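Q: Take a look at this one; I'll ask things after.
Nothing in this text is a laboratory measurement; each read-out follows from the coordinates by a stated rule. Quick caveat, the model's predicted, so the values are computed rather than measured. Methodologically, a virtual Cβ is constructed for each residue, glycine included, from the backbone with ideal geometry; neighbour enumeration extends over all protein chains shown.
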Amino acid sequence: MRFSKLATVGALMAISAVALGTELHDPSISRHAKDGVIKLYGAGGPHTAFKKVAEVWQKQTGNKVEIIAGPEKTWSHKAQADADIIWGTSEQSMTAFLETYQSFSSDQVDPIYVRPAIIAVKKGNPKKIASFEDLLKDGVKIVVTEGAGVSNTSGTGVWEDVAGRTGKLEEVRAFRKNIVAFAHGSGASFKAFKAKDADAWITWPNWPVTHPDALDAVDLSADRKIWRDVNVALAPDADTNAKAFLDYLVTEEAQKVMNTEGWVR
């Protein structure tokens, strides 16, 4: 019975993901990707490092690159018209994207970097959080990122993977008891972290790096660490130089830039 219920929940989540994708897909939008500008679209997170890489490449080549990031609904229709490249902040995110951006296909997806989940804490770490086990203590306020069937985000399920990593149900229960916000996306999670005066947030390394005035990072131990990738897909009708930019994005020079925000190969 238990496994039957789990299977039903899983099926409903899959249906929700497809429904979200088909809801955003607009078959009336015509494609005009070859406009002389290489355009990448995706959720916030990798975009800060991508922009740094793009700036270097533009100076070297003279080719223009635009990185468009944020909640999917803010850029979806434009991406359907002119995206040369889309990126997914996890495999499940890209799978959902492919339901909407039907100029792209699964066999075009290439995972290019990975990063580990971390614990973001208040600047100065006033609660002295040093490990996952500290998050299970009474009074600790945690924010987690969840798509909840209505948002495509890399954070979906990550907190559960971390909390359940060692197979101890009591740890999942204790962790869940301390969650004060299930936010739809990393940007919303950061806002909730501040609004709820939270102590910890399960997120990705780039957030403390790009918000050093508000956040510090605490690494998870090896037995708790969860890794997810950033992946890219190139449109068949992409601008001529789009493939060249993707090639540059994984060069040793670009890797040094990506590494500054926690991305590794």
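Q: Nothing charged except the Cβ atoms of Lys and Arg (+1) and of Asp and Glu (-1): what's the magnitude of the dipole of the chain about its Cα centre? Round to the nearest 20 debye.
A: So the dipole magnitude of the chain works out to roughly 820 debye.
Q: Each residue of segment 129-139 in order: what ³J(HN,Hα) in whole Hz does its phi give by Karplus 6.51 cos²θ - 1.76 cosθ + 1.60, θ = phi - 60°, with x for Gly and Pro?
A: Those phi angles translate into 6, 10, 7, 4, 4, 5, 6, 8, 6, 4, x Hz.
Q: About its Cα centre, how strong a charge dipole does segment 118-225 have in debye, to the nearest 20, once Lys and Arg get +1 and Asp and Glu get -1 at the Cβ?
A: So the dipole magnitude of segment 118-225 works out to roughly 220 debye.
Q: While we're here: Arrange the peptides 192-200, 125-133, 82-90 so that the one whose residues have, on average, the most other Cβ atoms within 10 Å appears first. If you can, show how the numbers build up before the last one.
A: Working: 192-200: 18.7, 125-133: 14.6, 82-90: 25.9.
Highest to lowest by the protection proxy: 82-90, 192-200, 125-133.
Q: Let me ask something else about it. Given the C-alpha centroids of segment 97-124 and segment 179-252, what is the distance between them in whole angstrom?
A: Using only Cα atoms to place each centre, the spacing works out to 8 Å.
Q: Another question, if that's okay. To the nearest 500 deg cm²/dmol, what mean residue ellipticity at 222 nm is calculated for the chain from DSSP H runs of n ≥ 4 alone, each contributing -39,500 (n - 2.57), summed and divided by the residues?
A: -11000 deg cm²/dmol
Q: So what J values fall out for segment 233-241 if you push phi through Karplus, 6.51 cos²θ - 1.76 cosθ + 1.60 with θ = phi - 60°, rounded to Hz, Gly and Pro as x?
A: Working through the residues one at a time gives 9, 9, 6, x, 9, 5, 4, 3, 8 Hz.
Q: Sticking with this structure for a sec: With angles folded into 0 to 90 degrees, how steeply does helix 2-24 sit against the dominant principal axis of the chain? Use alpha carbons for both and round to 10.
A: 40 degrees
Q: Also: Cα-Cα pairs above 31 Å in the chain: how many percent? Walk me through the numbers before you get to the answer.
A: On the way: 9982 of 34980 pairs.
So the portion of pairs separated by more than 31 Å is 29 percent.
Q: Under 1.5 on a/c is rounded, so check that first for segment 118-225, then, if it is not, pick prolate when a/b is larger than b/c and oblate when it is not; a ≥ b ≥ c are the square roots of the alpha carbon gyration tensor eigenvalues.
A: rounded
Q: Still on this structure: Mind jotting down a quarter of the surface of the convex hull over the alpha carbons of segment 179-233, in square nanometres, one decimal?
A: 5.0 nm²
Q: Treating each Cα of segment 50-158 as an identical point scatterer and ignoring solvent, apply the Debye formula and state log10 I(q)/I(0) at q = 0.15 Å⁻¹.
A: Normalising to I(0) and taking log10 leaves -0.86.
Q: Can you flag which of K73/K196; K52/K122; K39/K127; K51/K225; K34/K59; K34/K73 are past 31 Å Cα-Cα?
A: On the way: K73/K196 25 Å; K52/K122 26 Å; K39/K127 42 Å; K51/K225 27 Å; K34/K59 21 Å; K34/K73 23 Å.
Those over the limit are K39/K127.
Q: Now a separate question. Put +1 on the Cβ of every Lys and Arg and -1 on every Asp and Glu Cβ in the chain; which of I29, Q102, W75 then has its Cα farthest towards the positive end of the dipole?
A: Ranked along the dipole, the leading option is W75.
Q: Quick one: go through segment 170-213 and flag any residue whose amide nitrogen is under 20 Å from the point 7 Å out along the Cα-to-Cβ line of N259.
A: Taking a point 7 Å out along Cα→Cβ of N259, the residues of segment 170-213 whose backbone N falls under 20 Å are 205-210.
Q: Let me ask something else about it. I'd like the FRET efficiency for I68 and D197, computed as 1/(1 + (r/R0)^6) with the beta carbon distance as r and R0 of 35 Å, rounded to 0.05.
A: Numbers: r = 32 Å, r/R0 = 0.92.
Calculated value: 0.60.
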